[in-house]
Amino acid sequence: MEGIVLALFVCLILALITKRLSLPSIPFYIIAGLLLGESGLKLVGADEVSLFLTHLGLLFLLFFMGLEIKPDRIWSNQSAILSSGLIDLHINGIIGFVAAYALGFSLFDAVIVAAAFFISSTAMAVTSLIENRKLLMRESETIVWLMIFEDIVLIAFLAFIGTSTEHPLLILVKIIAVLGIILAITHYGKKYIISVLKRDDELPVLLTFSAVLGIAALASTIGIPESFMVIAFGTILGTIDPIAFELHSRPFKDVFLVVFFVFFGVTVDLFSGGISPLAIIVICLVAILTKFASGMIIGKRIHGSSISGVEIWANTISRGEFSIAIAALYGSAVVSGTIASMVIVTSIVGAFAAKYSGRIQKIILRNKPGPPVQPDIHSETGSGG
Amino acid sequence: MALRSINLPGIGTKYELETEKKDTVAVFFLKNGNIQMYTLQHDCRTPSVAELSAVEARRLGTILTGAIMEADKESVEIAFSALSDLRISVHTYIIGKKMGGHSLEDLQIRAKTGVTIIAVSRGDKNVINPPPSFLFQEGDAVVAIGETDQLKTFEREIMVA
């Protein structure tokens with residue numbers, strides 16, 4: 001228990017500093033965890049309480065992501081989402097897998113590394129677009145749709161990669177049955193749920209909290225993928241009143257997610273389990289380069305310009321919350337260490353690349369003056385604080 | 001003038017307006033409640049950006065609808081588009097030396113300008129619909145209602161003249 005308090009206070013201080021410097025806070029939470037835990041001073045260790053809280057962090061991260069997913073909106077923008085998303089998936093998924101497999105990871109581990117490698121951080125991309133004041137750029141819409149596509153891939157991934165030994169068809173039948181019941185309850189009880197959410201006592205928060213935990217518990221009891229069910233649950237509740245559910249689950253997400261990141265760092269042991277520093281360096285470098293390749297191709301294909309490609313790259317380098325989630329769910333010690341390092345490196349590189357993308361464009365494309373692109377923001381004029 | 005709006009998941013709602021002169025104005029209502037406003041000149045590649053709080057954005061909106069607004073005077077314009085674009089402005093003023101000591105009756109505000117004084121605030125007391133005999137004091141805050149032109153006449157002929 002003291003360990004959690006210590007870790008939380010360290011994170012509080014880090015949050016104050018990183019927000020002030022407009023840096024992403026996720027890598028620093030993980031670094032703090034590494035320093036405090038197994039790999040570092042061994043001041044903090046995981047116990048039952050921390051395990052429970054990190055589990056809550058993961059559940060609320062996924063629930064929140066589910067709330068953001070609007071099937072009708074995705075449907076009406078499917079061409080925008082698919083055109084860039086498929087390029088992103090092919091390049092990063094395949095190269096990530098090949099790189100991990102070549103570096104000696106087992107087949108299953110290589111798939112996990114590839115998934116974490118592919119999925120950029122939605123939180124960091126959105127924050128950097130807002131803070132660097134790049135929302136007007138036409139690339140920013142492409143980036144947002146790209147993040148949605150990656151989320152959908154993650155959902156499919158979570159649905160299919162289970163640890164269960166049951167027949168996939170049986171699991172599928174159970175998932176459909178549970179989703180059907182949830183849909184029926186939310187459909188017929190919509191008015192009642194809305195009236196509960198409008199109250200100003202403890203009921204709305206209690207409802208949100210226990211509903212999320214309830215779905216997770218139900219899923220693990222009957223043997224269907226818990227993470228997938230929580231996302232799907234969020235998406236269904238998002239059709240009732242997404243703003244209310246966001247409001248009532250946000251405090252849980254904010255606090256438990258920090259616990260989740262810091263304890264992910266605490267439990268990772270970088271110095272045992274045979275993680276070679278070379279493998280980590282290679283993965284980090286390849287992670288930055290493949291997003292460059294996919295960004296450039298998407299930029300050329302959709303906006304007809306390499307300048308756009310650099311901008312898309314700069315904002316999608318960062319791997320973050322979802323990579324860590326994948327590592328926490330499926331990662332062996334070696335995989336978790338590798339993914340932790342990749343998240344730290346790419347998110348810090350990504351933060352600076354997004355901030356100075358204007359300069360990077362000039363350097364990279366010095367010899368290839370493209371047609372004037374508009375709107376294109378030189379971020380140094382708008383570095384928000 | 002082309003107005004486009006789109007909802008960007010995770011970010012908020014975007015409204016983008018291209019003016020006849022090919023300049024772009026875009027407004028983003030962010031999920032954190034703030035508003036980012038981008039303006040981009042047609043031949044320029046770098047937009048300028050202002051981030052506004054909700055209150056600031058409303059103030060800016062009031063100015064853009066064409067109502068008068070000065071540092072210590074505030075106004076709101078209400079447009080009823082269903083009533084052949086009827087526009088009414090509500091404006092606050094601080095009574096100066098000139099009007100102090102006079103009553104509504106002898107100033108003849110409505111007869112001369114068409115403006116109606118609907119409320120007076122003095123210290124922490126408010127008088128709604130002041131009677132004709134009501135005596136103004138210097139420093140009173142008054143709320144006046146009328147068309148923009150009528151309010152301008154009121155400023156010119158009663159407040160200052």
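The values are calculated or read from the model by the stated rules, or taken from the named source; none is laboratory data. All of these numbers come straight from a predicted model, not from anything done at the bench. Heads up, the Cβs are rebuilt from the backbone with ideal geometry, glycines too, and the neighbour counts pull from every protein chain shown.
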Filtered residues of segment B:6-35 (kept if surrounded by 14 or more Cβ atoms within 10 Å (Cβ to Cβ), of a type in the set (Lys, Arg) and either more than 26 Å from the chain's Cα centre (by Cα) or at pLDDT below 90 (or both)):
B:31
Residue A:100 passes all but one of (1) away from chain B (no Cβ under 14 Å); (2) touching a residue at least 40 places away in the same chain (Cβ under 8 Å); (3) under 20 Å from residue A:231 (Cα atoms); which number fails?
(3)
Residue under evaluation residue A:142, criteria (1) within 14 Å of chain B (Cβ to nearest Cβ); (2) within 24 Å of residue A:240 (Cα to Cα), criterion not met:
(2)
Would you point out the residue of segment A:314-356, among those that are polar (S, T, N, Q) and in a helix (DSSP H, G or I), that is nearest to residue A:276 (Cα to Cα)?
A:338
Answer residue from segment B:4-46, given it is assigned to a loop (DSSP other than H, G, I, E, B) and of a type in the set (Ser, Thr, Tyr) and is nearest to the other protein chains (Cβ to nearest Cβ) among those
B:46
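To keep it simple, each residue is scored yes or no on (1) within 11 Å of another protein chain (Cβ to nearest Cβ); (2) touching a Ser or Thr at 6+ places or on another chain (Cβ under 7 Å).
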| residue | (1), (2) |
| --- | --- |
| A:46 | no, yes |
| A:55 | no, no |
| A:62 | no, yes |
| A:66 | no, yes |
| A:69 | yes, yes |
| A:77 | yes, no |
| A:82 | no, no |
| A:90 | no, no |
From A:301, A:359, which residue is outside any loop (DSSP other than H, G, I, E, B), surrounded by fewer than 24 Cβ atoms within 10 Å (Cβ to Cβ), modelled with pLDDT of 85 or more and within 14 Å of chain B (Cβ to nearest Cβ)?
A:359
Which of the residues belonging to segment A:145-172 are within 14 Å of another protein chain (Cβ to nearest Cβ) and among the acidic types (Asp, Glu)?
A:150, A:151
Scanning segment B:144-161 for residues that are without any contact (Cβ under 8 Å) to a residue 60 or more places away in the chain and touching a strand residue (DSSP E or B) at 6+ places or on another chain (Cβ under 6 Å) gives B:144, B:145
Every residue from segment A:12-27 that is under 19 Å from the mean Cα position of the chain (by Cα) and of a type in the set (A, V, I, L, M):
A:15, A:23, A:26
Determine if segment A:118-137 includes at least one residue that is within 25 Å of residue A:63 (Cα to Cα) and away from chain B (no Cβ under 14 Å).
yes
Selection count where residues are buried (at least 21 other Cβ atoms within 10 Å of the Cβ) and in a loop (DSSP other than H, G, I, E, B), scope segment A:103-119:
2
Of these, A:318, A:294, A:249, A:305, which one is of a type in the set (S, T, N, Q) and farther than 30 Å from residue A:359 by Cα?
A:249
For residues that are assigned to a helix (DSSP H, G or I) and either in contact with a strand residue (DSSP E or B) (Cβ under 7 Å, 6 or more places away or on another chain) or more than 20 Å from residue A:270 (Cα to Cα) (or both), tally how many sit in segment A:9-49.
14
